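Novice: Sharing a structure with you now.
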């Protein structure tokens, strides 16, 4: 997957594009800021993401002015359900193996020791970013945190750029994760998945039942997805979209360097 014959003295910047609003805006800002350096945009393909992500990625490629490099975990064909089937594990105290096998290991295989990495951590995710740095000894750029940009700001900036948001956002999901993210445990989330994507809900319900994994809760009790009462739980229907002063400053920066 990776060509190791490279100049070890030359640093490239790798933007990790996840088809989320934050990673898209982070990538655009870095392309503007480091216009004279080698910038690579990389995406780890996950089959369970919404198919509209391919449209969004194509729209972003035109906005970026350069192509996205698509990477995939070939052993699992980039599929969460293939990971579950082979590993016999969904998620729990040891985390979710799909994240490690479909994203982190793919990233590790592609990256070079001299790379600088760009991630879409938003201003409200400073603590999460600090934890990431503690666990990963890599050179990072976090343009959203540096500019005080929130996730809501990123959604608004994409709309200002004329880019239609990914379908998961437009359906009212807060993040553009897989359809039926294995890390989620909220009853409201899973009831929304059942309503919007019933086939995916029942696929996950069957997989979790087969492995004895109780993925959600009813009140304080852990239950299987197929035991989840319809209508319980609360999930915010619309993502909050607002644009603050940091968002306007970043938009001006993009325009000045385009």
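The values are calculated or read from the model by the stated rules, or taken from the named source; none is laboratory data. What you see is a predicted model, and the numbers here were worked out from it, not measured in a lab. Please note: Cβ atoms are built from the backbone with ideal geometry, for glycine as well, and neighbour counts cover all protein chains shown.
Novice: Just the residues that are under 14 Å from the mean Cα position of the chain (by Cα) and more than 28 Å from residue 215 (Cα to Cα), please, taken from the range 44-69.
Specialist: Once the filter is applied, which keeps residues that are under 14 Å from the mean Cα position of the chain (by Cα) and more than 28 Å from residue 215 (Cα to Cα), the range 44-69 yields 54, 56, 57.
Novice: What number of residues within the range 38-78 are surrounded by fewer than 18 Cβ atoms within 10 Å (Cβ to Cβ) and in a loop (DSSP other than H, G, I, E, B)?
Specialist: 8
Novice: Moving to a separate point now. Could you please let me know if residue 25 is touching a strand residue (DSSP E or B) at 6+ places or on another chain (Cβ under 8 Å), in a helix (DSSP H, G or I) and modelled with pLDDT of 95 or more?
Specialist: So residue 25 does not fit the description; no.
Novice: While we're on this one: Do we have any residue at all in the range 156-169 that's under 20 Å from the mean Cα position of the chain (by Cα), without any contact (Cβ under 8 Å) to a residue 24 or more places away in the chain and under 30 Å from residue 61 (Cβ atoms)?
Specialist: The answer is no; no qualifying residue exists.
Novice: So, one more: Give, as residue ranges, the helices (runs of 4 or more DSSP H) completely inside the range 173-258 that count at least 3 residues that are at pLDDT below 85.
Specialist: Fully inside the range 173-258 and qualifying: 245-256.
Novice: Report yes if some residue within the range 101-114 is exposed (fewer than 14 other Cβ atoms within 10 Å of the Cβ), under 19 Å from the mean Cα position of the chain (by Cα) and part of a loop (DSSP other than H, G, I, E, B); otherwise report no.
Specialist: Scanning the range 101-114 turns up no residue that is exposed (fewer than 14 other Cβ atoms within 10 Å of the Cβ), under 19 Å from the mean Cα position of the chain (by Cα) and part of a loop (DSSP other than H, G, I, E, B).
Novice: Out of (1) under 28 Å from residue 163 (Cα atoms); (2) exposed (fewer than 14 other Cβ atoms within 10 Å of the Cβ); (3) in contact (Cβ under 8 Å) with a residue 12 or more places away in the chain, the odd one out for residue 122 is which?
Specialist: (2)
Novice: Pick from the range 115-132 the residues that are in contact with a helix residue (DSSP H, G or I) (Cβ under 9 Å, 6 or more places away or on another chain) and part of a loop (DSSP other than H, G, I, E, B): which of them is farthest from residue 39 (Cα to Cα)?
Specialist: 122
Novice: Checking residue 83 against (1) touching a helix residue (DSSP H, G or I) at 6+ places or on another chain (Cβ under 6 Å); (2) in a loop (DSSP other than H, G, I, E, B), which single condition isn't satisfied?
Specialist: (2)
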